[in-house]
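Every read-out reported here was derived from the displayed coordinates using simple, explicitly stated rules and does not represent laboratory data. Treat the numbers as computed from the prediction; the structure is a model and nothing was measured. All Cβ positions, even for glycine, are placed from backbone atoms using ideal geometry, and neighbour counts span all protein chains on display.
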Amino acid sequence: MQELLRVKYYHVVFTLPHELNNLVMGHRKVLYKLLFDASAATLLSFAKDEKYLAAIPGIISVLHTWGQQLSFHPHIHSIVSGGGITTGNEWKEAKKNDWKFLFPVKAMSIVYRAKFLQALQLRITKGEVILPVDTDRKQLFNLLYQKDWNVYAKAPFGSPHAVIEYLGRYTHKVAISNHRIHSINEQSGTVTFGYKDYADGNKQKQMTLTIAEFIRRFTQHILPERFTKIRTYGYLSNRNRHSRVKEVLQKMKLPLHAGLVKIPIAVRLLEQYGIDMKECPACKNKTLQLVKIFYPWKHADDG
């Protein structure tokens with residue numbers, strides 16, 4: 001909430017054609033970053049155009065890699081402000097249009113495809129991405145340029161609070177949550193889980209996989225170590241972000257955001273887990289005092 005303004009926010013999803021799945025799987029760190037950069041560059045290029053906005057919007061991008069059946073389906077969810085900043089951090093509202101989104105979706109998909117494939121060509125030339133043996137590079141790119149790349153414009157969020165609610169629900173999910181797993185049959189060696197079939201009217205269905213196949217599908221979605229799955233662009237990019245948002249609020253004559261409140265660890269433990277730090281687990285007397293917080297990973301090399 002420290003970074004969001006009282007404006008409308010739009011939701012758009014950038015996907016990749018399945019022909020790139022194997023290549024992405026073999027170069028996840030490089031090509032996930034390229035997916036982030038190509039989608040953000042597409043939004044920023046349209047926002048720069050006088051015909052659409054002529055300003056710099058704020059963009060929050062989130063990486064997802066899975067479909068409902070745990071299939072490998074890398075895509076970016078982007079949340080884009082309905083306006084942007086101009087010279088001097090002046091706020092400019094987005095123009096009204098007939099596209100039900102900030103920019104025309106079909107045009108965005110063409111630009112996004114071009115930006116991704118041009119960057120991919122460069123990375124292959126530099127040796128950062130290696131094509132599978134016996135792959136005809138020219139034939140592959142001809143196929144990829146001929147395909148329609150799916151860009152979905154979803155209904156805009158009604159308020160900054162709706163954006164926060166969405167991010168809270170989806171940014172830290174893993175490929176499948178426990179409640180979707182209906183049964184694990186050790187005798188037959190299978191796992192049954194529920195999924196939503198978007199191709200059949202969003203009907204709830206069940207799928208049964210061998211345990212080995214279930215684990216294979218799940219592990220596809222473990223991100224590379226230290227990879228950042230939430231990134232910001234435009235006026236929300238990291239450098240000087242808070243001072244920029246503060247200046248925009250002042251020029252919009254809106255109250256500045258309240259500072260973050262730090263909740264003591266004792267209160268957080270009690271609220272979230274019902275644990276009273278002062279209570280001794282043996283005698284139950286509330287006589288304990290916090291002396292030190294020990295972080296094992298910071299002391300891993302201490303012997």
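Compute, for the chain, the length of the dipole vector about the Cα centre, with Cβ point charges of +1 (Lys, Arg) and -1 (Asp, Glu) only. Units Debye, rounded to 20. Each step should come with its number before you reach the end.
Details: 44 positive and 24 negative charges, 154 e Å.
The calculated dipole for the chain is roughly 740 debye.
Of ILE56, LEU144, PRO74, which is farthest along the charge dipole of region 35-156 in the positive direction, counting Lys and Arg as +1 and Asp and Glu as -1 at C-beta?
The residue sitting farthest along the positive end of the dipole is LEU144.
Excluding HIS77 itself, what net charge comes from residues whose Cβ is under 15 Å from its Cβ, given Lys and Arg +1 and Asp and Glu -1? Numbers along the way, then the final one.
Values: positive: LYS154, ARG169, LYS173, LYS229, ARG231; negative: GLU165.
Charge balance near HIS77 sits at +4.
State the answer as a single residue: which of SER183, TRP91, LEU288 lies farthest towards the positive end of the charge dipole of the chain, with beta carbon charges of +1 for Lys and Arg and -1 for Asp and Glu, about the Cα centre.
It is TRP91.
So which aspartates and glutamates can LYS29 reach, going by Cα to Cα under 12 Å and dropping same-chain residues fewer than 8 places off?
The reachable aspartates and glutamates, counting only those whose Cα sits under 12 Å from LYS29, are GLU128, GLU225.
Just order 216-223, 243-250, 111-118 by mean Cβ neighbour count inside 10 Å, highest at the front, would you? Let's see the in-between values first.
Working: 216-223: 14.6, 243-250: 16.4, 111-118: 18.8.
For the peptides 216-223, 243-250, 111-118, the packing ranking is 111-118, 243-250, 216-223.
Below 8 Å, C-alpha to C-alpha, sequence gap of six or more: please give me the relative contact order for the chain in percent.
Working: 405 pairs, mean separation 71.3, N = 303.
Over the chain, the number comes to 24 percent.
Distance in nm between label sites at LYS205 and ALA114, each 7 Å beyond Cα in the beta-carbon direction?
Result: 3.8 nm between the two label points.
Would you please put 287-293, 59-65 in order of how densely packed they are, using the mean number of other Cβ atoms within 10 angstrom per residue and starting with the highest? Don't jump to the answer; show the numbers that get you there.
On the way: 287-293: 7.6, 59-65: 21.3.
The densest-packed peptide leads the list: 59-65, 287-293.
Could you tell me which label, among [x] 36, 32, 20; [y] 30, 20, 19; [z] 38, 19, 17, carries the value of semi-axes √(5λ) of the Cα gyration tensor in Å calculated for this structure?
[x]
Taking the highest mean first, how do the peptides 225-236, 190-201 order by number of other beta carbon atoms within 10 angstrom per residue?
Ranking, from highest mean packing down: 225-236, 190-201.
Would you work out the relative contact order for region 12-122, in percent, from Cα pairs under 8 angstrom that are 6 or more residues apart?
Reported as a whole number, the value is 29 percent.
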